[in-house]
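This report concerns only the one structure given below.
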Amino acid sequence: MPRPFPVTALALSATLAVFCAPAAADRFDIRDLRHFLTQPVQRPPVVPPHGSTDPPLDGRWRVTELRGADLGPPQLIVAVADGRFSIRGACNILTGAIEAREGRFRLLSLGGTLMGCFGPIADREQAMSQALQDATRYATTAGGALVLSSGAGVELRAVPVVP
C-alpha cells in the first residue's frame, strides 16, 4: 500500500502558498499613500445655526496667558479652521481637532512632534497641551480675546493675530 505522505505534504504546501502569499490588494504601494495625502479632505461647510451666539474660533491667535501666567517670548501661535487646530511653539507643533459649540469646548484629538526640548520651553508646551485637555468652555471678550476655561479657572487667553 502506497504512503499518502508525499501527496499530503504537496497539498499542504500548495495550500499554504496560496493562502499565505500576499494578494495584490494587500501589497503596499507608495503611490496609494501619495494619493491619500494629496486629496483634499471633504468637510461640510461650518455654518452656525440661525441666531447662534457662538463666538468665531477660526483664525490665528497669539496666546497671551496660559494657566494664569502671562506669556512673553517665544510666542505660541494657534491657527484654527473648521474644527482643526495647529499650534506652533518654540520647539514642537501640536495639532488636533476640537468641538466648540454653544460656549462648550472639547478636545477631540491631540498629536504633535516630539523634538525633545528641555527647560522652560518644554514646560510651556506641556502646559499648553494640558490646558487644551482641561478646557471645557470658551468665550470671546469685548476686546476680541479668546478665552478657554475650565472649572479651575482660565486655562488660556489669546488675541487675534493681525496679518
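Quick notes on this one:
- Residue match in region 90-104 (condition: in contact with a helix residue (DSSP H, G or I) (Cβ under 9 Å, 6 or more places away or on another chain) and among the polar types (S, T, N, Q)): yes
- Scoring C117 on the criteria (1) more than 29 Å from G151 (Cβ to Cβ); (2) at pLDDT 85 or above; (3) loosely packed, with under 10 Cβ neighbours inside 10 Å leaves a single failure, condition (3).
- Single residue of A23, A90, A11 found to be loosely packed, with under 11 Cβ neighbours inside 10 Å and modelled with pLDDT under 90: A23
- Leading residue by the ranking (modelled with the lowest pLDDT) among those in region 47-68 that are under 21 Å from G144 (Cβ atoms) and of a type in the set (A, V, I, L, M): L57
The values are calculated or read from the model by the stated rules, or taken from the named source; none is laboratory data. Note that the structure is a prediction, hence the values are computed from the model and not measured. All Cβ positions, glycine included, derive from the backbone under ideal geometry; neighbour counts span all protein chains shown.
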